Amino acid sequence: MERLADQRPAESSLIIGVATSTAERVQLARLLGDADALLLVSSAEQARAFLELTDPGSPAAPVVMAQSVVPVPDEPPVRAESGLLLDMERRVVRWEDREVPLTRLEHDFLHCLVEEPGQVWTYQRLHHAVWGNEHLGHGSHIHSVVKRLRQKLANLGATVTIHAVRGVGFHLLPTT
């Protein structure tokens, strides 16, 4: 006996997830990874822009916004090989017995570097991971975050800092 489902064309749907932080986008990807199509963006404006691009002739479909319901699991702090600890839940960075709070941008930026110590993150890759888009502009916003993070790491007395690879990006290395 032939199944009715086999006679219908398969329907797929697009799920658009809006999450402001990298940690929330990663969690959404884990939760919704089995979806036919998944788009993760950092703002409702990005979602609307995508919807307008996919069907420019029709009015933008409504984007339903809700307060984040994606629980970021109680993950242990991310530890760089250097001993630097990044607390994902509290958005703080710790060195030995000292800690400082981070802004969302500082946290997401440092998370990238701590996750892969020594790995050079290109400007484009960092911009996509932290800001959620491809626009690089003149890059002063990236350098502003780096400057604030370097100062915070220095204030902690950490023996790591963010090093620039000219024309490429940044990575986390021991201070010299």
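Do we have any residue at all in region 132-144 that's surrounded by fewer than 20 Cβ atoms within 10 Å (Cβ to Cβ), assigned to a helix (DSSP H, G or I), of a type in the set (Gly, Ala, Ser) and at pLDDT 90 or above? Looking for residues that are surrounded by fewer than 20 Cβ atoms within 10 Å (Cβ to Cβ), assigned to a helix (DSSP H, G or I), of a type in the set (Gly, Ala, Ser) and at pLDDT 90 or above, one finds at least one in region 132-144, hence yes.
Apart from one condition, PRO117 fits all of (1) open to solvent by less than 60 Å² (accessible area, probe 1.4 Å); (2) free of Cβ contacts under 8 Å to residues at least 60 places away in the same chain; (3) assigned to a helix (DSSP H, G or I); the exception is (3). Taking the condition modelled with pLDDT under 75, open to solvent by less than 40 Å² (accessible area, probe 1.4 Å) and either under 18 Å from VAL130 (Cβ atoms) or hydroxyl-bearing (Ser, Thr, Tyr) (or both), does SER82 pass? Taking the combined requirement at face value, the residue does not satisfy it.
Only one of the numbered conditions (1) in a helix (DSSP H, G or I); (2) hydrophobic (A, V, I, L, M, F, W, C); (3) surrounded by 13 or more Cβ atoms within 10 Å (Cβ to Cβ) is not met by ILE162, and that is (1).
The values are calculated or read from the model by the stated rules, or taken from the named source; none is laboratory data. Just so it is clear, the structure is predicted and the values come from calculations on it, not from any experiment. Because the Cβ atoms are built from the backbone with ideal geometry, glycine has one as well, and the counts that use them run over all protein chains shown. Accessible surface is based on the protein model in full, side chains and every heavy atom, while ligands, DNA and RNA are left aside. Shrake-Rupley method; radii C 1.70, N 1.55, O 1.52, S 1.80 Å.
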